[in-house]
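Notes to accompany the following structure.
Please treat every number below as a calculation from the coordinates, not as lab data. From a predicted model like this one, the values you see are computed outputs, not experimental measurements. Cβ atoms come from the backbone with ideal geometry, glycine included; neighbour counts cover every protein chain shown.
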Amino acid sequence: MLDETMTQPELRLGTRRSPLAMVQAEEARQRLCEAHGWPQSAVELVPVVASGDKIQDRPLAEIGGKALWTKELDVWLAEGRIDASVHSLKDVETVRPESLVLAAILPRADKRDRLIGAPSIADLPQGAVVGTSAPRRAAQLLNHRPDCSVVMFRGNVASRLGKLEAGEVDATFLAAAGLARLGEDDVGHPLNAEDWLPAPSQGAIALECRTDDERTRALLAPLDHMPSRAEVSAERALLLALNGTCHSPIATLCSYADSKLHLRAAILSEDGADRVDGEARFAAEDDAAPARLAAQLLERASPAICAVFDPAP
């Protein structure tokens with residue numbers, strides 16, 4: 001047990017400054033303190049304003065992609081200003097520097113999207129204007145409802161809900177996990193994940209540290225939730241094998257049970273007109289299975305789908 005009067009923290013956790021990111025960092029701190037019998041003061045939260053939070057008027061794909069959520073924290077890790085970073089794993093690039101390691105995946109929360117503005121996709125009014133900056137959400141919407149139109153919609157949870165309330169759009173989507181963490185789990189309507197596939201790693205919080213920092217890795221290790229790690233590892237492996245970009249509509253849902261994984265995935269054209277679905281069941285230790293599924297999906301993909309994926313390297 002640590003002395004409650006301690007002044008130096010045992011760990012410094014870096015996090016984005018957004019309200020949701022801070023709540024996720026608080027969850028990580030709580031779990032660390034419970035695992036090690038520490039007081040709250042043992043873990044310092046060190047907030048940073050990420051580039052992705054500074055630029056809100058353009059899609060991520062146009063301004064640098066997912067790296068805009070991680071680059072400031074990566075620099076702080078390299079400089080030793082923090083010991084670990086707290087991330088929404090769905091916002092973390094699939095390929096990370098070898099100098100960094102995802103040391104812990106917290107127990108995964110609700111993987112679903114919630115639709116705000118209508119009870120269901122079918123209940124959206126004819127010709128509804130829907131706000132989203134996610135190619136996955138846009139393409140799935142247009143696949144289900146080609147009469148709808150999509151407009152770019154970025155910002156934190158509160159700002160997006162404010163834009164909806166102001167009538168800028170008829171509806172929008174938000175991750176169920178983020179809403180629940182903010183105490184807003186009564187907002188909107190959950191979409192069945194079997195019919196509306198989530199984003200890779202949605203609902204997962206990851207703790208990342210320097211690969212050579214054995215002390216921090218050991219402190220984070222008790223927080224690693226093996227079933228959640230197995231699911232997100234499979235989803236990220238699929239993403240890597242598809243060689244997708246921020247423009248590529250990729251949706252996936254992985255579930256873990258009895259040391260086995262069931263991975264479902266869909267890839268779509270930008271306008272949602274073309275869609276290819278596939279699934280695979282495999283042992284959790286079969287690291288090659290997601291790549292096999294990716295190959296099967298791409299083999300069946302139309303030219304319009306292939307147009308939003310990078311050619312294989």
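For region 115-132, the set of residues classified as among the β-branched types (Val, Ile, Thr) and over 11 Å from residue 174 (Cα atoms) consists of 121, 129, 130, listed by residue number.
Rundown of residues vs (1) within 30 Å of residue 270 (Cβ to Cβ); (2) in a strand (DSSP E or B), yes/no style:
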residue: 73; (1), (2): no, no
residue: 90; (1), (2): yes, no
residue: 115; (1), (2): yes, yes
residue: 119; (1), (2): yes, no
residue: 124; (1), (2): yes, no
residue: 133; (1), (2): yes, no
residue: 136; (1), (2): yes, no
residue: 140; (1), (2): yes, no
residue: 153; (1), (2): yes, no
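Of all residues in region 185-197, which are touching a strand residue (DSSP E or B) at 6+ places or on another chain (Cβ under 9 Å) and either surrounded by fewer than 18 Cβ atoms within 10 Å (Cβ to Cβ) or of a type in the set (Lys, Arg) (or both)? 185, 187, 189, 190, 194 - these are the residues of region 185-197 that are touching a strand residue (DSSP E or B) at 6+ places or on another chain (Cβ under 9 Å) and either surrounded by fewer than 18 Cβ atoms within 10 Å (Cβ to Cβ) or of a type in the set (Lys, Arg) (or both).
When region 200-229 is filtered for residues that are assigned to a helix (DSSP H, G or I) and touching a residue at least 12 places away in the same chain (Cβ under 8 Å), the ones remaining, listed by number, are 216, 217, 219, 220, 221, 222, 223, 227, 228, 229. Against the numbered list (1) more than 30 Å from residue 116 (Cβ to Cβ); (2) out of contact with any strand residue (DSSP E or B) (no Cβ under 8 Å at 6 or more places or on another chain); (3) among the small types (Gly, Ala, Ser), residue 155 comes up short only at (1).
Those strands (runs of 3 or more DSSP E) of region 230-313 in which 3 or more residues are surrounded by fewer than 20 Cβ atoms within 10 Å (Cβ to Cβ) and in contact with a helix residue (DSSP H, G or I) (Cβ under 8 Å, 6 or more places away or on another chain) occupy 275-283.
Restricting attention to region 103-146, the residues that are out of contact with any helix residue (DSSP H, G or I) (no Cβ under 8 Å at 6 or more places or on another chain), surrounded by 21 or more Cβ atoms within 10 Å (Cβ to Cβ) and farther than 15 Å from residue 251 by Cα total 2.
A single entry from 207, 164 fulfils the requirement of being hydrophobic (A, V, I, L, M, F, W, C), under 23 Å from residue 110 (Cβ atoms), surrounded by fewer than 22 Cβ atoms within 10 Å (Cβ to Cβ) and in contact with a Ser or Thr (Cβ under 8 Å, 6 or more places away or on another chain): 164. If the condition is being in contact with a Pro (Cβ under 8 Å, 6 or more places away or on another chain) and either surrounded by fewer than 21 Cβ atoms within 10 Å (Cβ to Cβ) or of a type in the set (Asp, Glu) (or both), then region 167-178 contributes only 170.
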